[in-house]
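A.B. asks: Here it is, the structure in full.
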Amino acid sequence: MSKGSKGILEGLNIDSKKDKKETSKELENVNSKEVKNLHSEELSIKRSYTLKTSTVKKLQELKVFVYDDPSITFNEIVDEAICKLYEDKRK
């Protein structure tokens, strides 16, 4: 970075240190995993699967356009989908 240039945050007039402190104070007593997993099991097993490109695009569309929670993970979407499919097939 040249001497005259500013970082991205400085250019946007954002005090990143102040924002980080405020955010950490707000989240200090809240563990997001605890909130998300109040009524479900903890995600503890890691697996790797190969998916078609079209399936990944559908998954991305689900995350962006269907779910209201911006912090939902692909793991949660896939887990929910598998559970629903399992219940449908068992009927």
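We did not get these values from a lab; they are worked out from the coordinates using the rules stated. Note that the coordinates shown come from a computational prediction; the quantities given were computed from them, not determined experimentally. Heads up, the Cβs are rebuilt from the backbone with ideal geometry, glycines too, and the neighbour counts pull from every protein chain shown.
A.B. asks: Longer than 26 Å from Cα to Cα, which of LYS58/LYS84; LYS52/LYS91; LYS58/LYS89 are they? Say none if no pair is. If you can, show how the numbers build up before the last one.
C.D. replies: Numbers: LYS58/LYS84 17 Å; LYS52/LYS91 28 Å; LYS58/LYS89 21 Å.
Cα-Cα > 26 Å for LYS52/LYS91; rest within.
A.B. asks: Could you go through region 76-84 in sequence order and give the Karplus-derived ³J(HN,Hα) for each residue, using 6.51 cos²θ - 1.76 cosθ + 1.60 with θ = phi - 60°, rounded to whole Hz, and x for Gly and Pro?
C.D. replies: After applying 6.51 cos²θ - 1.76 cosθ + 1.60, I find 5, 5, 5, 4, 4, 5, 5, 4, 5 Hz.
A.B. asks: Continuing with the same structure: Which value in nm describes the separation of the simple spin-label points at LYS91 and THR55, placed 7 Å from the Cα toward the beta carbon?
C.D. replies: 2.3 nm
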